[in-house]
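The values are calculated or read from the model by the stated rules, or taken from the named source; none is laboratory data. The structure presented is a predicted model; accordingly, all values stated were derived computationally and were not measured. Note: ideal-geometry Cβ built from the backbone for every residue, glycine included; neighbour counts use all protein chains shown.
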Protein chains: 2
Amino acid sequence: MASVKINPDLAKERKSASFDCEALTEVVYGGKENVRRKRYLQNIVFQDKSMQSFPPWWNRDRETLYDVGIKKSIYMIKLIKQLNIKDLSDIFYIRGALVSHENFPLGIHESMFMPTIEKQGTPEQIEKYLTPARQFKIIGTYAQTEVGHGTFIRGLETMATYDPATEEFIINSPTITAMKYWPAGLGRTCNYAVVMAQLNTQGKNMGIHAFVVQIRSLHDHKPMPGVQLGDIGNKLGFNGMDNGYLIFNNYRVPRDAMLMRYAKVEKDGTYVAPKNAKLAYGAMVYIRAMIVGSMGISCAMAATIATRYSAVRRQTEIRPGGPEPQVIDYQTQQEKLFPMIAAAFAWQFTGNFMMAEYNRVSADIEKGNMEEYQSLHALAAGLKALSSDIANEGIDKLRRACGGHGYTHASGLPKIWTHITPACTYEGENTVMYLQCARYLVKVYAQVSKGQQLPGFMSYLNKPQKPKSSINEAIKMEDLTDLYEHASVRMIQVAATRLLSLLKSGNSMEDARNLCGVQMVEAARMHSYLYTVRTFQSVIQARASDPKVAKVLTSLCQLFAVNGILQRLGDFLQDGFLSGQQAAMLADRQLALFADIRPNAVALVDSFDYRDEVLESCLGRYDGNVYEALYEYAKDSPLNKQEVSPSYYTTLKPLMEGKLTFDTPTARL
Amino acid sequence: MASVKINPDLAKERKSASFDCEALTEVVYGGKENVRRKRYLQNIVFQDKSMQSFPPWWNRDRETLYDVGIKKSIYMIKLIKQLNIKDLSDIFYIRGALVSHENFPLGIHESMFMPTIEKQGTPEQIEKYLTPARQFKIIGTYAQTEVGHGTFIRGLETMATYDPATEEFIINSPTITAMKYWPAGLGRTCNYAVVMAQLNTQGKNMGIHAFVVQIRSLHDHKPMPGVQLGDIGNKLGFNGMDNGYLIFNNYRVPRDAMLMRYAKVEKDGTYVAPKNAKLAYGAMVYIRAMIVGSMGISCAMAATIATRYSAVRRQTEIRPGGPEPQVIDYQTQQEKLFPMIAAAFAWQFTGNFMMAEYNRVSADIEKGNMEEYQSLHALAAGLKALSSDIANEGIDKLRRACGGHGYTHASGLPKIWTHITPACTYEGENTVMYLQCARYLVKVYAQVSKGQQLPGFMSYLNKPQKPKSSINEAIKMEDLTDLYEHASVRMIQVAATRLLSLLKSGNSMEDARNLCGVQMVEAARMHSYLYTVRTFQSVIQARASDPKVAKVLTSLCQLFAVNGILQRLGDFLQDGFLSGQQAAMLADRQLALFADIRPNAVALVDSFDYRDEVLESCLGRYDGNVYEALYEYAKDSPLNKQEVSPSYYTTLKPLMEGKLTFDTPTARL
């Protein structure tokens, strides 16, 4: 990039920063060595010509999107093996450089198909299925979701009926709603699937079990007889992924298709229940922590694009005859950008911190201590929902903050948003997630009422309540967290009290829970926000040794907290803990924080360290040559392939010549 | 639809309604005759085979999207002429049946190109340009926006320099930022454009003027020499529209290219200023009113889809072993659906009402009374912003309320959302709109402080302020509007006071306005919400003669008001006008309103009267056969054209056979 002319506004912004950008990058990635490693690994990908030769993603048709996805998937898997990479961060660095917000049709083979067999298979099954899977002789997906059944696993309808005469399972989709729908890689790629189905043996339903099922011929890739499948069609995004549908018509598989490490079906059909029914909840915490971190990364990429563009874009003279100012100088623009810069740090830090907590608490579990695990499991649900909600809403806001140009794929913002918005519904729909978190909160709140002391983070529920917030113009972090703690406790109390009163008036637990759903969601949201504010603060304390970096991060952490309060001001004012005067003061302080952050804005997003190859944005380019890039983008439009469109000859020319006739319905009028 | 099996849940919902659906449809469309007319006109389109033969929009590539757009545009224009339709509602009915949320590349020819010539041209120019335009010999666009210049018109850079030697204007794009970017139909369709450019004559810049410029050959449709143009590339949506770019390289046009009804350039280059410099602001109010109404229609369509699907979809047993309930029975789902049903009515009614107000106030202007016009102009800006913000956020929420299935184009929701979200940035970016509204509010607030009485709706600023809200469990509409009035007055006051104090401390007006931008936006938002609540209520009073219909609409109006308060609760609590107890009561009342509305939900969305052909949604079908439709949709995927994808042969097969090699960068490691 060194030889390219840098837009003078961006150059000026970079000089005005109060801190060393590289030092902040080291905080973001957890140290100098990690930054070096990230750049080293990503450069391997950037320098690889075979991965640079595809048509740009915004001009790929569906077939090409898929084809590029396949090729990049395989390349990545091979590269990771060749480099003998095991560390998750390293994998993310490579993935980030290669398929940022694109799809990865072989991902589920690695992340779900093989691990499920490894965990739930007998040694013989592992040998039978895993060895060819590792060699890609078989490529698998994980087929759980059905078109009529998502979150509620026990409701799945796919049947696996054991036939002792032939020692086979008969897999069947008895209804239209039993059709598998959505599994990744199922539509075109996979020849095997782990199929989750109701097990029926000796006339009894034994619940959901996993079956390894061949779905396509290993010879010619055609669907097996008795199996109907395909891609589910075009979507808002994820069009490089062949999400699929799958219907079984009394399809027979051998007995050892059922993964039998725990539960078993013997040759005669006798069902042997698993000895240890414990479920692997750990994996869910882990996946949700990853989602939280990836929301942070997506916010950071979108904030980079919108902030750089806002520094380059000039609009509307503030003073008659004066120059048009940079739009980043408008207070209303700062309100759109800066809270999202803060959120980008908050969610990246929280994702990292959750991983560390997961490892710490997992070690506790080994020692038989489950207490903190439950709190972490509940939190992971709440944080997954909150981070994806904020990313969904915030990234769309950043897109609109770029005006009309945000709407074209040239901005790179629609790509990010369409890729992350499914995180609001996959891996647990967000409302269901908040409710899961809230049920735990209401439960432990009852324990606190009985005087029980809660462990770790949850212990804020044991604190004595202050009557009034002591927040003042200094907006100290402890006063800000106090506000969140107070609001969270109050809202858990509101939900718990309503629940109790509904139970007392004769409702079943299930009905009572439904009838305080809205309040439970709100309580879980506040609890999750509190955790994020605290984590942001603790990461600054732990990682930001450079005082200038610590200062700018503290402003962002304050903004994250203050903005969160102002967004839900009623929750803080309602019982008078925060006064109206304090609320007005916080609104003023937010504006003052905007002014604090303003000179550092571009350097802050630079510190996220995303290369232009990753951002793929005309607006977010490091060099700020936005308009030249928009021109090049336009010329490359698929509609510009010919100088004159085919529609001219078929339609416009006859229209202009007065020769165009339609079979119009005049006769009928 | 009569012969099709109706999903039993939907059938049950329709029976449970407390009101006559058809009677409500008549309220929505403003009377029985309008409903009849709408159905009559739409049926003409639905029955027309030539318009039913296109591939479904979700499977169209860019070229086909554009081609279908062209054909439907022309068909519509011809049909309207054949039927001799003049009434705007009639045009909307036809358009709604034909191109609901699709694009219309010839639209700007009718809506901007021809009207601009008609209004700003001399009789000779009208004859020269309009006659061939009416016959489609020339097809035009309106080229104002430049890649570097949007909202601020005076900042446009395209130059039109008069050359008296040849009596021509030299049109030029002096910089990259001067490139025209975004004009509709410019990319592929139009051979003419009204170009907005800086006029330079006799060495002086005379500001922005309009020029009628030929951009493509009438012979072969190729760009004229000196003109470079094309499509601007793929976007998040609007891909049936050929938004274009346009660069002039000292391109010469005759003197009569400049529209000279008002300002003139004489043969020798003498500039004659227009006698009457009044701008046609009326058109802006009119267009914004149309946007408000269309946001209501889009909310209604999305709410229809999500509500019907929520009645059909069943998920998670509430009681162990019991049936899975309809998701519409979850309180948290009701919170997503019902406020948007209310919003759909609110914005349709407000759009209609604004049109009527526009006509009434326009008549006043004829009499020289501009007072109310300014208030309407400010309101139109605020309402355009508020309605598009609510539609943007709410329709996306409805999409997510459909879980994973909302994300596929099968749901029809991404199509609606991607089509309406540009309304947040076009015809005046929303923040700019709020600020425009707020500047008026701050101005008249100063007049009120001086004792001046304001006309019409604005007179609420003159009312004496109550100390406390009298809202109670009855949630009377007058108490609800009182709350909005109070909050609006307070927030205008906060913005005005801050502005004054910034001016006193030495800031220029421009800087002071910028430094209270956030508060100004919030004040304008509250003012606009108040107007909508009041309009909703007044339309019920005026139109809903059937008491059962009036009752259910009143519940929705209350919900619209209560939900709006709870969304911005801090604004109502901050000065103690609303108490914490009242706030808690309102939260409870909202839940009670959900329960009230629940049995009527499906009938309410049925009353919007959208045919399946218009919704184009597997989830929102009238018959509720959702899963069968999703199956058909999947089979039709472009990836399923061949039984086995080309990628299998080129990539997967070699991978499976261990023969796939990449030029991987191992050597470099």
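Look at region A:185-202 and say how many of its residues are part of a loop (DSSP other than H, G, I, E, B) and either in contact with a helix residue (DSSP H, G or I) (Cβ under 9 Å, 6 or more places away or on another chain) or over 21 Å from residue A:254 (Cβ atoms) (or both).
7
If residue A:188 meets every condition in (1) among the basic types (Lys, Arg); (2) more than 8 Å from chain B (Cβ to nearest Cβ); (3) touching a residue at least 40 places away in the same chain (Cβ under 8 Å) apart from one, which number is that one?
Answer for residue A:188: the failing condition is (2).
Taking residue B:262, is it among the aromatic types (Phe, Trp, Tyr), in contact (Cβ under 8 Å) with a residue 40 or more places away in the chain and touching a Gly at 6+ places or on another chain (Cβ under 6 Å)?
no
Residue-by-condition table, conditions (1) in contact (Cβ under 8 Å) with a residue 40 or more places away in the chain; (2) under 17 Å from the mean Cα position of the chain (by Cα):
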{"residue": "B:395", "(1), (2)": "yes, yes"}
{"residue": "B:406", "(1), (2)": "yes, no"}
{"residue": "B:410", "(1), (2)": "yes, no"}
{"residue": "B:417", "(1), (2)": "yes, yes"}
{"residue": "B:434", "(1), (2)": "yes, yes"}
{"residue": "B:440", "(1), (2)": "yes, no"}
{"residue": "B:450", "(1), (2)": "no, no"}
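If we only count strands (runs of 3 or more DSSP E) wholly inside region B:118-184, which ones have 3 or more residues that are crowded, with 23+ Cβ neighbours inside 10 Å and in contact (Cβ under 8 Å) with a residue 60 or more places away in the chain?
Values: elements: B:140-143, B:159-163, B:168-172.
Answer list for region B:118-184: B:140-143.
Quick check: anything in region B:9-24 touching a strand residue (DSSP E or B) at 6+ places or on another chain (Cβ under 7 Å), modelled with pLDDT of 95 or more and in a helix (DSSP H, G or I)?
For region B:9-24, residues touching a strand residue (DSSP E or B) at 6+ places or on another chain (Cβ under 7 Å), modelled with pLDDT of 95 or more and in a helix (DSSP H, G or I): present.
Are there any pairs with C-beta distances below 6 angstrom linking a residue in region A:647-658 that is under 19 Å from residue B:131 (Cβ atoms) to a residue that is surrounded by fewer than 18 Cβ atoms within 10 Å (Cβ to Cβ), with the two at least 6 apart or on different chains, and if so which?
Filtered contacts from region A:647-658: A:656/B:137.
Within region A:307-351, work out how many residues are modelled with pLDDT under 95 and not aliphatic (A, V, I, L, M).
Here is the first cut: in region A:307-351, the residues modelled with pLDDT under 95 are A:314-325.
With not aliphatic (A, V, I, L, M) added as a condition, the list becomes A:314-317, A:319-325.
Matching residues across region A:307-351 total 11.
Is it the case that residue A:77 is under 25 Å from the mean Cα position of the chain (by Cα) and not charged (D, E, K, R)?
Judged against the criteria, residue A:77 is a match.
With respect to residue A:94, determine if the residue is surrounded by 16 or more Cβ atoms within 10 Å (Cβ to Cβ) and in contact with an Asp or Glu (Cβ under 6 Å, 6 or more places away or on another chain).
So residue A:94 fails the test.
Of all residues in region B:624-657, count the ones that are touching a Lys or Arg at 6+ places or on another chain (Cβ under 8 Å) and surrounded by fewer than 18 Cβ atoms within 10 Å (Cβ to Cβ).
Residues flagged as touching a Lys or Arg at 6+ places or on another chain (Cβ under 8 Å) and surrounded by fewer than 18 Cβ atoms within 10 Å (Cβ to Cβ) within region B:624-657 amount to 2.
If only one of A:399, A:360 is part of a helix (DSSP H, G or I), modelled with pLDDT under 95 and farther than 21 Å from residue A:591 by Cβ, which one is it? Please lay out each step first, then the result.
Numbers: A:399 fails: modelled with pLDDT under 95.
After applying the criteria, what remains is A:360.
Condition (residue is in contact (Cβ under 8 Å) with a residue 24 or more places away in the chain, crowded, with 22+ Cβ neighbours inside 10 Å and within 22 Å of residue A:56 (Cβ to Cβ)) applied to region B:204-226: is it met by at least one residue?
no
Answer yes or no as to whether residue A:621 is under 32 Å from the mean Cα position of the chain (by Cα), more than 30 Å from residue A:99 (Cβ to Cβ) and either surrounded by 17 or more Cβ atoms within 10 Å (Cβ to Cβ) or at pLDDT below 95 (or both).
When the stated conditions are applied, residue A:621 does not pass them.
Quick check on region B:81-92. Is at least one of its residues within 30 Å of residue A:642 (Cβ to Cβ) and more than 9 Å from chain A (Cβ to nearest Cβ)?
no
Just the residues that are β-branched (Val, Ile, Thr) and within 11 Å of another protein chain (Cβ to nearest Cβ), please, taken from region B:146-179.
Selection gives B:147, B:151, B:153, B:175, B:176, B:177.
Considering only residues that are hydroxyl-bearing (Ser, Thr, Tyr) and under 21 Å from residue A:309 (Cα atoms), which ones fall in region A:1-35?
A:3, A:16, A:18, A:25 - these are the residues of region A:1-35 that are hydroxyl-bearing (Ser, Thr, Tyr) and under 21 Å from residue A:309 (Cα atoms).
Return yes when residue A:598 is within 14 Å of chain B (Cβ to nearest Cβ), surrounded by fewer than 22 Cβ atoms within 10 Å (Cβ to Cβ) and closer than 17 Å to residue A:24 by Cα and no when it is not.
Spelling it out, residue A:598 is indeed within 14 Å of chain B (Cβ to nearest Cβ), surrounded by fewer than 22 Cβ atoms within 10 Å (Cβ to Cβ) and closer than 17 Å to residue A:24 by Cα.
Sort out for me the strands (runs of 3 or more DSSP E) sitting completely within region A:227-328 that have 2 or more residues that are more than 10 Å from chain B (Cβ to nearest Cβ) and surrounded by fewer than 23 Cβ atoms within 10 Å (Cβ to Cβ).
A:251-254
Yes/no matrix, rows are residues, columns are (1) at pLDDT 95 or above; (2) charged (D, E, K, R):
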{"position": "B:499", "(1), (2)": "yes, no"}
{"position": "B:502", "(1), (2)": "yes, no"}
{"position": "B:511", "(1), (2)": "no, yes"}
{"position": "B:546", "(1), (2)": "yes, yes"}
{"position": "B:555", "(1), (2)": "yes, no"}
{"position": "B:567", "(1), (2)": "yes, no"}
{"position": "B:579", "(1), (2)": "yes, no"}
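Scan region B:341-372 for residues that are under 24 Å from residue B:437 (Cβ atoms) and aliphatic (A, V, I, L, M) and jot them down.
Answer for region B:341-372, where residues must be under 24 Å from residue B:437 (Cβ atoms) and aliphatic (A, V, I, L, M): B:342, B:343, B:344, B:346, B:354, B:355, B:356, B:361, B:363, B:365, B:370.
Looking only at region B:25-34, filter to residues that are touching a residue at least 12 places away in the same chain (Cβ under 8 Å) and in a helix (DSSP H, G or I); which one of those is surrounded by the fewest Cβ atoms within 10 Å (Cβ to Cβ)?
Within region B:25-34, the match that is surrounded by the fewest Cβ atoms within 10 Å (Cβ to Cβ) is B:34.
So which pairs qualify, if the first residue must be in region B:560-583 and touching a residue at least 24 places away in the same chain (Cβ under 8 Å) and within 8 Å of chain A (Cβ to nearest Cβ), the second must be buried (at least 24 other Cβ atoms within 10 Å of the Cβ) and assigned to a loop (DSSP other than H, G, I, E, B), the Cβ gap must be under 7 Å, and the two must be at least 6 apart or on different chains?
These pairs meet every condition: B:572/B:578.
For region A:406-420, enumerate the residues that are in a helix (DSSP H, G or I), within 8 Å of chain B (Cβ to nearest Cβ) and surrounded by 24 or more Cβ atoms within 10 Å (Cβ to Cβ).
Scanning region A:406-420 gives A:406, A:407, A:410, A:414.
Condition first: more than 10 Å from chain A (Cβ to nearest Cβ) and within 24 Å of residue A:221 (Cα to Cα). Can you find one or more residues in region B:642-660 that meet it?
Taking region B:642-660 and keeping what is more than 10 Å from chain A (Cβ to nearest Cβ), we get B:659.
Next cut, within 24 Å of residue A:221 (Cα to Cα) only: B:659.
There is at least one residue in region B:642-660 that is more than 10 Å from chain A (Cβ to nearest Cβ) and within 24 Å of residue A:221 (Cα to Cα).
Working only within region A:61-70, note down all residues that are closer than 26 Å to residue A:408 by Cβ and either without any contact (Cβ under 8 Å) to a residue 60 or more places away in the chain or at the interface with chain B (Cβ under 8 Å from one of its Cβ atoms) (or both).
Across region A:61-70, the qualifying residues are A:61, A:62, A:63, A:64, A:66, A:67.
Looking at region A:35-59 only, could you name the residues that are outside any helix (DSSP H, G or I) and either facing chain B (nearest Cβ under 10 Å) or over 30 Å from residue B:232 (Cβ atoms) (or both)?
Within region A:35-59, A:47, A:48, A:56 meet the criteria.
Tell me the residue from A:540, A:492, A:475 that is at pLDDT 95 or above, β-branched (Val, Ile, Thr) and on the phi > 0 side of the Ramachandran plot, please.
Every option except A:475 fails the conditions.
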